[in-house]
Amino acid sequence: MKVYSKITDLQEQISALKSGGKTIGFIPTMGALHQGHISLVQSAMDHCDVTVVSIFVNPTQFNNPDDLLKYPRTLEADVRLLETINCDIVFAPSVEEMYPENSLGYQVDLGKLGTLMEGKFRPGHFDGVVNVVGRLFDIVKPHKAFFGLKDFQQVAVIRYMTQFLKLPVEIIACPTQRESSGLAMSSRNMRLSEAQKTDALHIYRSLILAKKLAENHDPKETKKAVVNYFQQGNLQLEYFEIVDPNTLESLSDKWVKGSTACIVAYCDEVRLIDNMELIG
Ligand code: AMP
């Protein structure tokens, strides 16, 4: 496995592989890798000849400076883990390498996609995501890129951006990986104590309840009952929405195929995100 921190070195290697006819699969990450990330790497290995993982804690997508400061950084362990599963290339640039002075940013008007849910509660977050993913796509020029459905809205944003900018990359969405308890795997879970992890299970239980209620209630009733249930636990709810999977607009009276419950809650100061498809 090769590890690069310089864009030109990485591009030289990728160009050589591409001219040898190899297809490139790409997984952007912020590191502190867990089995959720690894499932994306495995999916890339199934689809492509060469797998490239980037590890970069992108400052421009954090609207909360404390969250950026406390975000786990475990580069050495990440590299070792990727080596054990035979990943081909790791790209771990510095902030200066990614954002040299006078570098041009990618800007996409996301419309409603950028103002709902994460867009509402993390102003500027998706501008940072679009910018970094656009820049990474430009550097790596992958054939396919793999994203986790755990960040449901992010997948929609990346698909939109790719179409809007007419980027020649196929976006592949991969299912959320969970602990055996049901807790969605997340780099942020490293910041939770065992007791907090138990508290955090309330998120998963609420999603399961939503799925059950969806069998014989409309979205509005389901949301009301789930929010009520959620408030009996120890976490602080930021939002719970039941949305159309394409527009991400909240549903009220009618279910649509792919209706998805999206939730964000704080376990003390750790922000946790999860979602579940309610109607298949
Ligand atoms: P992050 O390092 O949090 O930026 O995540 C990098 C990629 O891994 C994103 O596409 C995430 O959606 C994905 N990811 C994070 N957690 C999980 C999970 N539990 N299951 C599947 N994919 C995940």
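The values are calculated or read from the model by the stated rules, or taken from the named source; none is laboratory data. Note that this is a predicted model, so its numbers are computed, not measured. Note that we place each Cβ from the backbone using ideal geometry, even for glycine, and neighbour counts take in every protein chain shown. Side chains are part of the model used for accessible areas, which takes the heavy atoms of the whole protein and leaves out ligands, DNA and RNA. Shrake-Rupley method; radii C 1.70, N 1.55, O 1.52, S 1.80 Å.
Would you confirm whether any residue within the stretch 128-136 is away from the ligand (no atom under 12 Å from the Cβ), in the same structural domain as Glu170 (by TED's automatic domain parsing) and farther than 27 Å from Ser19 by Cβ? Yes, because at least one residue in the stretch 128-136 is away from the ligand (no atom under 12 Å from the Cβ), in the same structural domain as Glu170 (by TED's automatic domain parsing) and farther than 27 Å from Ser19 by Cβ. Which numbered condition trips up Ile172, out of (1) in a loop (DSSP other than H, G, I, E, B); (2) open to solvent by less than 40 Å² (accessible area, probe 1.4 Å)? The one condition Ile172 does not meet is (1).
Among the residues of this structure, Val3 does not count as one that is within 11 Å of the ligand (Cβ to nearest atom) and in a strand (DSSP E or B).
Looking across the stretch 67-93, the residues that are open to solvent by 70 Å² or more (accessible area, probe 1.4 Å) and not basic (Lys, Arg) come down to Leu69, Leu75, Glu76, Glu83, Thr84, Asn86.
Here's the yes/no breakdown for (1) under 17 Å from the mean Cα position of the chain (by Cα); (2) in contact (Cβ under 8 Å) with a residue 40 or more places away in the chain; (3) over 30 Å from Thr51 (Cβ atoms):
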{"position": "Cys174", "(1), (2), (3)": "yes, yes, no"}
{"position": "Arg205", "(1), (2), (3)": "no, no, yes"}
{"position": "Val227", "(1), (2), (3)": "no, no, yes"}
{"position": "Glu238", "(1), (2), (3)": "no, yes, yes"}
{"position": "Ser252", "(1), (2), (3)": "no, no, yes"}
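Within the stretch 12-62, restricting attention to residues that are closer than 18 Å to Ile85 by Cβ, among the polar types (S, T, N, Q) and without any contact (Cβ under 8 Å) to a residue 60 or more places away in the chain, the residue that is nearest to the ligand (Cβ to nearest atom) is Thr29. Taken as a whole, the structure places Gln35 among residues that are within 15 Å of the chain's Cα centre (by Cα) and open to solvent by 30 Å² or more (accessible area, probe 1.4 Å). Taking the conditions (1) in contact (Cβ under 8 Å) with a residue 40 or more places away in the chain; (2) hydrophobic (A, V, I, L, M, F, W, C); (3) part of a helix (DSSP H, G or I); (4) open to solvent by less than 10 Å² (accessible area, probe 1.4 Å) in turn, Ile158 satisfies each one other than (1). Tyr106 meets the stated requirement of being open to solvent by 50 Å² or more (accessible area, probe 1.4 Å) and either modelled with pLDDT of 95 or more or of a type outside the set (S, T, N, Q) (or both). Determine whether Val169 is of a type in the set (Val, Ile, Thr) and more than 13 Å from the ligand (Cβ to nearest atom). When the stated conditions are applied, Val169 passes them. Taking the criterion of being open to solvent by less than 40 Å² (accessible area, probe 1.4 Å), away from the ligand (no atom under 12 Å from the Cβ) and assigned to a helix (DSSP H, G or I), the residues of the stretch 175-224 that qualify are Gln196, Ala200, Leu201, His202, Ile203, Ser206, Leu207, Ala210, Leu213, Pro219, Thr222.
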